[in-house]
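A.B. asks: Structure incoming, see below.
The values are calculated or read from the model by the stated rules, or taken from the named source; none is laboratory data. None of these values were measured; they are calculated from a predicted model. Counting neighbours? That spans all protein chains shown, and the Cβs are built from the backbone with ideal geometry, glycine included. Note: areas computed on protein heavy atoms with side chains; ligands, DNA, RNA excluded. Shrake-Rupley method; radii C 1.70, N 1.55, O 1.52, S 1.80 Å.
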Amino acid sequence: SDLALQVFRYGQGDRGRSVPCGTGAWENRRMEIKPVRDDDKNYVMHIDTHIDETGYKNLVYTKSGYVLWDNGQRIGIMTYCLLWDTLPFINFLFVEEAYRSRGFARAAMQAWEKEMKAQGYQMTLISTRADESAQHLYRKLGYIDCGGLLFDGTPFPRPMELFMRKIL
């Protein structure tokens, strides 16, 4: 079934006060989170260049990939897998730059977490590069650090991958 939710978009102002964003007024807009379909292929594969044809077919078949929509526009994607068949792990979360800092990633994660809890999962995982700012959002959502993966001396030169967990 499709995840779908009503979102009241807002941002954080000075000293943590909630302030409207977007047009400058409170907006009551419907954001939808829909499982990827065949017709989302070009959009998803353009954003997540790690997915090949087989991987995309698997996202569609298992409904483990989602497209984020706002007012009929694709604005991002989110994919996940199950580690050890028991632990939901967000593989990839992306929101188009024009839609960032407006509550979409937060709303998508919260909807996904609610769905995972409803399916009986007790904990979720996510990772991000240690030099990326997404870790701050994840911490605000209650995720805590639980480890890291170093890539020194590997064919994948990049900063440490930071792993975070949340008890649902």
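A.B. asks: Which condition number does residue 100 fail, the rest of (1) free of Cβ contacts under 8 Å to residues at least 40 places away in the same chain; (2) open to solvent by 60 Å² or more (accessible area, probe 1.4 Å); (3) farther than 22 Å from residue 30 by Cβ being met?
C.D. replies: Against the list (1) free of Cβ contacts under 8 Å to residues at least 40 places away in the same chain; (2) open to solvent by 60 Å² or more (accessible area, probe 1.4 Å); (3) farther than 22 Å from residue 30 by Cβ, residue 100 comes up short only on (3).
A.B. asks: Tell me which residues, restricted to region 125-168, are open to solvent by 40 Å² or more (accessible area, probe 1.4 Å), among the small types (Gly, Ala, Ser) and within 17 Å of residue 83 (Cα to Cα).
C.D. replies: Result: 148, single match.
Conditions (1) buried (at least 17 other Cβ atoms within 10 Å of the Cβ); (2) touching a residue at least 24 places away in the same chain (Cβ under 8 Å); (3) assigned to a strand (DSSP E or B); (4) out of contact with any Lys or Arg (no Cβ under 6 Å at 6 or more places or on another chain), marked per residue:
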| residue | (1), (2), (3), (4) |
| --- | --- |
| 57 | no, no, no, yes |
| 75 | yes, yes, yes, yes |
| 79 | yes, yes, yes, yes |
| 82 | no, no, yes, yes |
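A.B. asks: Another one. When you go through (1) among the polar types (S, T, N, Q); (2) over 25 Å from residue 59 (Cα atoms); (3) without any contact (Cβ under 8 Å) to a residue 60 or more places away in the chain; (4) open to solvent by 70 Å² or more (accessible area, probe 1.4 Å) one by one for residue 122, which number turns out not to apply?
C.D. replies: Of the numbered conditions (1) among the polar types (S, T, N, Q); (2) over 25 Å from residue 59 (Cα atoms); (3) without any contact (Cβ under 8 Å) to a residue 60 or more places away in the chain; (4) open to solvent by 70 Å² or more (accessible area, probe 1.4 Å), the odd one out for residue 122 is (2).
A.B. asks: Give me the pairs, please: first residue somewhere in region 141-168 and more than 22 Å from residue 108 (Cα to Cα), second residue anywhere and acidic (Asp, Glu) and open to solvent by 70 Å² or more (accessible area, probe 1.4 Å), beta-carbon distance under 7 Å, and either six or more positions apart or on two chains.
C.D. replies: Listed pairs, sorted by first residue: 159/131.
A.B. asks: Restricting the search to region 111-168, which residues are of a type in the set (A, V, I, L, M, F, W, C) and assigned to a strand (DSSP E or B)?
C.D. replies: Of everything in region 111-168, those that are of a type in the set (A, V, I, L, M, F, W, C) and assigned to a strand (DSSP E or B) turn out to be 123, 125, 126, 144, 146, 149, 162, 163, 164, 167.
A.B. asks: Select from region 97-108 the residues that are closer than 20 Å to residue 141 by Cβ and more than 10 Å from the chain's Cα centre (by Cα) and list them in ascending order.
C.D. replies: 99, 100, 101, 102, 103
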